[in-house]
Amino acid sequence: MHTVVVGSSGTTPEEVIAVARDGARIELHPEAVEALRTARRFIDDLAAKPDPVYGVSTGFGALAVRHIGPELRAQLQRNIVRSHAAGMGPRVEREVVRALMFLRLKTLASGRTGVRPEVAQAMADVLNAGITPVVHEYGSLGCSGDLAPLSHCALTLMGEGEAEDRDGVVRPAGDLLAEAGIAPVELREKEGLALLNGTDGMLGMLLMACADLARLFTSADIAAALSLEALLGTDRVLAPELHAIRPHPGQAASAANMLKMLAGSGLTGHHQDDAPRVQDAYSVRCAPQVAGAGRDTLTHARTVAERELAAAVDNPVVLPDGRVESNGNFHGAPVAYVLDFLAVAAADLASVAERRTDRLLDKNRSHGLPPFLAHDAGVDSGLMIAQYTQAALVSELKRLAAPASVDSIPSSAMQEDHVSMGWSAARKLRTAVDGLSRVIGVELYAAARAVELRSRTAGAAPGEAARAVVAALREAGAEGPGEDRFLAPDLAAAEAFVRSGALVAAAESVTGPLA
């Protein structure tokens, strides 16, 4: 099994995904252990002094005005975890919780939080044992960190609350720790607070969404190219020199992908066979512009994610010179904004894909394809309701594009009077990514059927890349043209074909690497 070594200088998106999705093991680098020890010495020195220090010898949030004596500080740290583990609603996905914990471990290992090495090692041990704390949908406002989600994880380290075992069975966390030979953590000054105070949940979901969307943007280009072929569109609009005069990188990348897909096609460029048509519709002609804008948004989101990966988010933080200072680095606004931006991009990409699907199914706009791509229109309904399903998904994606990050709601007796709602932005983006996978799957399924029907009647064949995609889609269980049948399994197979990356692999077997 792949091992990720955590040092004091951060991690990479690939390592986060390896831990979250692939179960990679984790080791602490010796220099991270030393950084933890150094920072802890500063905390211990401050704890021994009479002056109050936030998070070390005071209460939290609006209760920070109270000085806490040494005899109550361990209880203070336990209590913040217990009281903040107040999430409600459905359990969030295992991969989200693993990303959340790993990213908090990354920050602990930076030596900026002041926790002991034993705390960081316990978190690594829990992840390596396949123990996943039960974290609930609701409880984070995305400021002062993803408080409730992180608190449920910290509760597991203490041997309290509930967690899943490797098989997904929910059991008492104490029992799971005991079976794995992990001693529950006895928290000391600053440690409870340090386990709760980060943007780790929203960042983990952003990193996974970026990886998923990168694949989906390429998938959308492939599906759009098949739709263009099926509609006898022109590939002249994809010429590199046209996109060079509007130099958005994402647009050029999408156009290049589509042009590679259409190489050698006998179906493109038949405008003069259909006198009323001078240009293709926007949904076809502007496909690179729409997908490209989304690609550029994704590039910006990745930049923000990489910066956040390099950060040590906590409050207060331990500086290299031993000072312990408070500020607002825990505020999730930078992450929340790009989570919302990506939801907008996903909705618009889905919207233009649905318009192409509708065009394929409309005999008045498909330039010779049968109504709804049906075998015997009237007796058969073809893909009529597949487009309904796609339209319902697009409608939901548009609702999910409403930004969460503008909806601050005050908390903690107005001490935390402006919050980011980044966790909520991340949760709805995950739903949007799922929906986009399905929308692209429907377009691909319709375009594949249309290309097959067209090649039977047009006296010309699609390009080699299109043929490879259609063949692989059929092998994946999405059947070709014919009489009406139970359609849901075909659509599910098309969705899985997109989601798994098999679509991109099939196309690249002919085109070579696509952007």
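The values are calculated or read from the model by the stated rules, or taken from the named source; none is laboratory data. Bear in mind that the values here come from a model prediction, so they are computed numbers and not experimental data. Neighbour counts are summed over all protein chains in view; Cβ atoms, including those assigned to glycine, are modelled from backbone coordinates with ideal geometry. Areas reflect the complete protein model, heavy atoms only, side chains present, ligands, DNA and RNA absent. Shrake-Rupley method; radii C 1.70, N 1.55, O 1.52, S 1.80 Å.
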Filtering the range 124-172 down to residues that are touching a Cys at 6+ places or on another chain (Cβ under 8 Å) and farther than 26 Å from residue 405 by Cα yields 133
Give the residues of the range 35-81 that are closer than 16 Å to residue 120 by Cα, in contact (Cβ under 8 Å) with a residue 40 or more places away in the chain and exposed (fewer than 14 other Cβ atoms within 10 Å of the Cβ), sorted by residue number.
-> 37
Those residues that are of a type outside the set (D, E, K, R), assigned to a helix (DSSP H, G or I) and more than 21 Å from residue 502 (Cα to Cα), I need them from the range 432-459; list them, please.
-> 453, 455, 457
Assuming residue 494 fulfils every condition listed in (1) in contact with a helix residue (DSSP H, G or I) (Cβ under 7 Å, 6 or more places away or on another chain); (2) in a helix (DSSP H, G or I); (3) within 22 Å of residue 263 (Cβ to Cβ) apart from one, which condition is it?
-> (3)
Condition test on residue 482, is it at positive phi and open to solvent by 50 Å² or more (accessible area, probe 1.4 Å)?
-> no
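Conditions (1) among the aromatic types (Phe, Trp, Tyr); (2) free of Cβ contacts under 8 Å to residues at least 60 places away in the same chain; (3) in contact with a helix residue (DSSP H, G or I) (Cβ under 9 Å, 6 or more places away or on another chain); (4) farther than 30 Å from residue 42 by Cα, marked per residue:
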position: 117; (1), (2), (3), (4): no, no, yes, no
position: 126; (1), (2), (3), (4): no, yes, yes, no
position: 132; (1), (2), (3), (4): no, yes, yes, yes
position: 141; (1), (2), (3), (4): no, no, yes, yes
position: 172; (1), (2), (3), (4): no, yes, no, yes
So residue 375 clears everything in (1) within 17 Å of residue 490 (Cα to Cα); (2) assigned to a helix (DSSP H, G or I) except one condition, right? Which one?
-> (2)
Hits in the range 401-456 (condition: buried (at least 24 other Cβ atoms within 10 Å of the Cβ) and of a type in the set (Asp, Glu)) | 443
What do you reckon, is residue 72 aliphatic (A, V, I, L, M) and farther than 27 Å from residue 11 by Cβ?
-> yes
Within the range 147-166, is there a residue that is over 23 Å from residue 499 (Cβ atoms), small (Gly, Ala, Ser) and without any contact (Cβ under 8 Å) to a residue 60 or more places away in the chain?
-> yes
Taking the range 1-32 and keeping residues open to solvent by 30 Å² or more (accessible area, probe 1.4 Å) and of a type in the set (Val, Ile, Thr) leaves 3, 5, 12, 17
Output yes when any residue across the range 465-482 is in contact (Cβ under 8 Å) with a residue 60 or more places away in the chain, part of a helix (DSSP H, G or I) and of a type in the set (Gly, Ala, Ser), and no when none is.
-> yes
Flagged in the range 177-192 as part of a helix (DSSP H, G or I) and open to solvent by 10 Å² or more (accessible area, probe 1.4 Å), in numbering order, are 178, 179, 180
In the range 311-345, the residues that are modelled with pLDDT of 95 or more and either of a type outside the set (A, V, I, L, M) or closer than 30 Å to residue 45 by Cα (or both) | 334, 337, 340, 341
Which numbered condition residue 187 fails, given (1) under 30 Å from residue 73 (Cβ atoms); (2) touching an Asp or Glu at 6+ places or on another chain (Cβ under 9 Å) = (2)
Which of the following residues is over 30 Å from residue 264 (Cβ atoms) and under 29 Å from the mean Cα position of the chain (by Cα): 171, 215, 188?
-> 171
If only one of 427, 499, 454 is within 24 Å of residue 370 (Cα to Cα) and either modelled with pLDDT under 95 or in contact with a helix residue (DSSP H, G or I) (Cβ under 8 Å, 6 or more places away or on another chain) (or both), which one is it?
-> 454
What helices (runs of 4 or more DSSP H) lie completely within the range 242-326 and have 3 or more residues being surrounded by 19 or more Cβ atoms within 10 Å (Cβ to Cβ)?
-> 249-261, 287-309
